[in-house]
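The values are calculated or read from the model by the stated rules, or taken from the named source; none is laboratory data. Quantities reported herein were computed from a predicted structural model and do not represent experimental measurements. All Cβ positions, glycine included, derive from the backbone under ideal geometry; neighbour counts span all protein chains shown. Remember, those area values only see protein heavy atoms, side chains included, never the ligands or the DNA or RNA. Shrake-Rupley method; radii C 1.70, N 1.55, O 1.52, S 1.80 Å.
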Amino acid sequence: MTPSLQMEKSRIALPIGVTLDRFIKSKQTEYPSAAGEFSQLLRDLALASKVVNREINKAGLVDIMGNIGQQNSGGDEQQKLDVLANIRFTRALSKGGEVAGIVSEETENFIDLKNKGKYIVAIDPLDGSSNIDVNVSIGTIFSIFKRKSKAGKPLSKKDFLQKGDCQIAAGYILYGPSTMMVYTTGNGVNGFTYETTLGEYVLSHPDMKCKTTGTIYSMNEGLTSHIINKGVTDYIALCKFRNYSGRYIGSLVADFHRNLLKGGIFLYPSCKKYPKGKLRLLFEANALAFIVEQAGGEASDGSKPILRIQPTQLHETTALFIGSKNMMKDLQKCINKN
Ligand code: AHM
Ligand code: MG
């Protein structure tokens, strides 16, 4: 089969209910240079997420809830499940040989796996940690890049400090009433729901699109009087004036996922407590920005698109505004007026 015929074949929509594995296999032809390694990487992530899902589901039953009295590099208290999830994902990604290096929100430095793998993974193994103890939805967020350094050479920070624009894939896993994996490889966004009895993710949300407008705004309103950018405060006032619904879970993946499906905007601005925003560019903002753009929405830090920000530190944070295109435009108008 010629490459163009192969591409055409892989573009034919797959039916709802097809397994993630089959879906990945059918898309493999879109990446002829990847020789199956990239597909294997996605499978590794999916497998690790199933293990984490199992551990989350028994969190109330065994002594793995609660924090372990340590802080991660961002100064947050580490929860036991954060640590477990970090171990599960790191282990799964280390084994196959396709990943050269991993950087995780839970660890200070990157890990050089000292192999000839082509890919770099940035991951927040378990986001929304304050919600773990209270049985509220949490998530995993991941970004995949190509390594910059030559295969076989030691990795450097440059391999990890790549703009969001350089992501070749990104996704999240939402551990909610049901568990979902949503990802993009730059060809649209697809969502898979975990079917527990089969132990498989199955395609449930093909070609996801973010509505151009919505009536939901999501932010931690306790911060309102501490927001640095007056335009953001004005926009929140506008949301209230328009009777939009305020919906905030405090788990980024869950808040983002709801807004993606229903139309809405999520805001975590710079404020007195977090002058450069709270959310991490590498582990949280980049992946969701790639997904939202692929779904027709937008993401910015208030002055430029998230995907164009050049990171300078592994754990740097950013203000994050993300969601439906028209709502993002209204926000930008408010920001530009000030
Ligand atoms: P975490 O990575 O320590 O879990 O923190 C990130 C979480 C996001 O999921 C969520 O959007 C935000 O922090 C909530 O912050 P706040 O409690 O300040 O509203
Ligand atoms: Mg996080």
**Item:** Rounded to the nearest 10 Å², the accessible area of Lys163 at probe 1.4 Å
**Value:** 70 Å²
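May I have the convex hull volume per residue, in Å³, for the Cα set of segment 260-300?
Cα-based convex hull of segment 260-300, divided per residue, equals 70 Å³.
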**Fill in**
Counting Lys and Arg as +1 and Asp and Glu as -1 over every other residue whose Cβ sits under 14 Å from the Cβ of Ile335, the net charge comes to +1
**Message:** For the chain, set up a GNM with springs between Cα atoms under 10 Å and report which of Gly101, Gly66, Gly264 has the largest fluctuation.
**Reply:** Gly66
**Message:** Treating segment 126-280 as a set of equal point scatterers at the Cα positions, no solvent, please give the Debye-formula log₁₀ I(q)/I(0) at q = 0.08, 0.17 Å⁻¹.
**Reply:** -0.30, -1.17
**Request:** May I ask which of Lys211/Lys304; Lys276/Lys304; Lys240/Lys325; Lys272/Lys304; Lys209/Lys272 have a Cα-Cα span longer than 23 Å here?
**Result:** Lys209/Lys272
**Rounded Å value of the spacing that divides the Cα centres of segment 136-151 and segment 230-249** = 32 Å
**Asked** Once whole DSSP H runs in the chain are found, which of them have Cα atoms spread over 20 Å or more along the helix axis and a mean Kyte-Doolittle score of at least 0.0?
**Response** 80-95
**Fill in**
Taking alpha-carbon centroids only, segment 184-203 lies from segment 104-121 a number of Å equal to 25 Å
**Prompt:** For the peptides 146-159, 85-98, 248-261, what is the packing order when you average, over each peptide's residues, the other Cβ atoms within 10 Å and list the highest mean first?
**Reply:** 248-261, 85-98, 146-159
**Request:** Quantify, in whole percent, the carbon and sulfur part of the accessible surface of the chain (1.4 Å probe; protein heavy atoms only).
**Result:** 52 percent
**Prompt:** How large are Rg and Dmax for the chain when only the alpha carbon atoms are used, in Å?
**Reply:** 19.4, 61
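Take the Cβ-Cβ distance between Thr197 and Tyr248 as r, set R0 to 45 Å, and report the resulting FRET efficiency rounded to the nearest 0.05. Please list the in-between numbers first.
Numbers: r = 33 Å, r/R0 = 0.73.
Efficiency for this residue pair is about 0.85.
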**Prompt:** Residues of segment 216-259 with amide nitrogen under 16 Å from the 7 Å Cα-to-Cβ point of Lys272?
**Reply:** 221-230, 233
**Complete:** Residue-normalised 222 nm signal for the chain, counting each DSSP H run of n ≥ 4 as -39,500 (n - 2.57), nearest 500 deg cm²/dmol, is -9500 deg cm²/dmol
**Fill in**
Probe 1.4 Å, all chains present, heavy atoms only: Thr215 accessible area in Å², nearest 10, is 80 Å²
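Quick check for you: with a 1.4 Å probe and neighbouring chains kept, what is the accessible area per residue of the chain, in Å²?
On a per-residue basis, 44 Å².
Hey, got the dipole for segment 253-292? About the Cα centre, +1 on K and R Cβ, -1 on D and E Cβ, debye to the nearest 20? Mind dumping the intermediate values first?
Values: 7 positive and 2 negative charges, 44 e Å.
So the magnitude is around 220 debye.
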**Message:** Among Val121, Gly17, Tyr175, whose Cα projects farthest towards the positive end of the dipole of the chain, with charges put on the beta-carbon of Lys, Arg (+1) and Asp, Glu (-1)?
**Reply:** Val121
**Prompt:** So which aspartates and glutamates pass the test for Lys50, namely a Cα distance under 14 Å, with those fewer than 8 places away in the same chain ruled out?
**Reply:** Asp21, Glu195, Glu200
**Item:** Nearby lysines by direct alpha-carbon distance to Lys273 (threshold 18 angstrom, same-chain neighbours under 8 apart not counted)
**Value:** Lys230
**Prompt:** Which aspartates and glutamates have a Cα less than 13 Å from the Cα of Lys146, not counting those fewer than 8 places away in the same chain?
**Reply:** Glu37, Glu98, Asp159, Asp165
**Scattering curve values for segment 291-338, log₁₀ I(q)/I(0), Debye with Cα scatterers, q = 0.30, 0.32, 0.33 Å⁻¹** = -1.14, -1.21, -1.25
